[in-house]
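Novice: Take this structure first; my questions come after.
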Amino acid sequence: MAFLCCTTVNLWLALPFMITIMDGALQSIEKSFYESAVLDGATWLQKMWYITIPMIKPIIAPSVVITTFTTFKQFDILFLLTQQVGAKTGSNLQTILTYAYEKAFITNNYGYSSAISMIIFVILIVFSVLTNMKPKEETD
């Protein structure tokens, strides 16, 4: 139940941002592309696959990175919903951030907590680099 509540709050916070980005991305696609596809006899799926997705991909990738970073730093939501004194739900729900917090400030193991934080940093950097990599274009 605690996981469902935390997921709902996270979606509630992230969904408006993603909807706004998606709306702007979809509105930026020129209608002439779709008109040309209709004249060529393209189906709905072909228009989606060959026009919509390639046109919004450069806009969606940075927003996914931002949303991922925001989700990684959602310590406060998980802590306040499940682990705050007086709000213990009986669940042992932990993320890597709450685990690092527990190791640093409850068990006073600062070195271990800083190592966990560095691992989080490396994971986020690798994810960011992989998301922003451009595929190699084939030359004819």
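Novice: Let me confirm something: among Leu45, Leu78, which residue is in contact (Cβ under 8 Å) with a residue 24 or more places away in the chain and outside any loop (DSSP other than H, G, I, E, B)?
Specialist: Answer to the check: Leu78.
Novice: Among the residues of region 17-60, write down those that are aliphatic (A, V, I, L, M), out of contact with any Lys or Arg (no Cβ under 6 Å at 6 or more places or on another chain) and surrounded by 14 or more Cβ atoms within 10 Å (Cβ to Cβ).
Specialist: Scanning region 17-60 gives Met18, Ile21, Met22, Ala25, Ile29, Ala42, Ile51, Met55, Ile56, Ile59, Ile60.
Novice: Whether any residue in region 81-100 is out of contact with any Leu (no Cβ under 9 Å at 6 or more places or on another chain), farther than 25 Å from Phe17 by Cα and modelled with pLDDT of 85 or more is what I want to check.
Specialist: The answer is yes; a qualifying residue exists.
Novice: Still on this structure, please answer the following. Asp23: of a type in the set (D, E, K, R), part of a helix (DSSP H, G or I) and at pLDDT below 85, yes or no?
Specialist: Here the answer is no, as Asp23 does not meet what is asked.
Novice: Working only within region 48-60, note down all residues that are without any contact (Cβ under 8 Å) to a residue 24 or more places away in the chain, under 15 Å from Ile21 (Cβ atoms) and of a type in the set (Val, Ile, Thr).
Specialist: Residue satisfying the conditions is Ile53 alone.
Novice: Let me ask another. Scan region 1-60 for residues that are closer than 23 Å to Phe79 by Cβ and either in contact with a Phe, Trp or Tyr (Cβ under 9 Å, 6 or more places away or on another chain) or of a type in the set (Phe, Trp, Tyr) (or both) and report the count.
Specialist: Residues meeting the conditions: 3.
Novice: Taking Thr98 as the residue in question, decide whether it is under 25 Å from Ile125 (Cα atoms), in contact (Cβ under 8 Å) with a residue 40 or more places away in the chain and surrounded by 15 or more Cβ atoms within 10 Å (Cβ to Cβ).
Specialist: Criteria not met by Thr98.
Novice: I'm trying to understand the selection: among the residues of region 102-117, which are over 27 Å from the mean Cα position of the chain (by Cα), more than 17 Å from Leu78 (Cα to Cα) and part of a helix (DSSP H, G or I)?
Specialist: Hits for region 102-117 are Tyr110, Gly111.
Novice: Do we find that Ala37 is among the small types (Gly, Ala, Ser) and in a helix (DSSP H, G or I) in this structure?
Specialist: yes
Novice: Can you run down the residue pairs with Cβ atoms below 6 Å, 6 or more apart or on separate chains, where the first is in region 5-33 and more than 30 Å from Leu93 (Cα to Cα) and the partner is at pLDDT 90 or above?
Specialist: Matching pairs, first to second residue: Ala25/Ile56; Ile29/Met55; Phe33/Ile51.
Novice: Just checking, how many residues over region 101-124 are at pLDDT below 90 and under 27 Å from Ile60 (Cα atoms)?
Specialist: 3
The values are calculated or read from the model by the stated rules, or taken from the named source; none is laboratory data. Because the structure is a prediction, the values reported are computed rather than measured. Cβ coordinates were reconstructed from backbone atoms using ideal geometry, including for glycine residues, and neighbour counts include every protein chain displayed.
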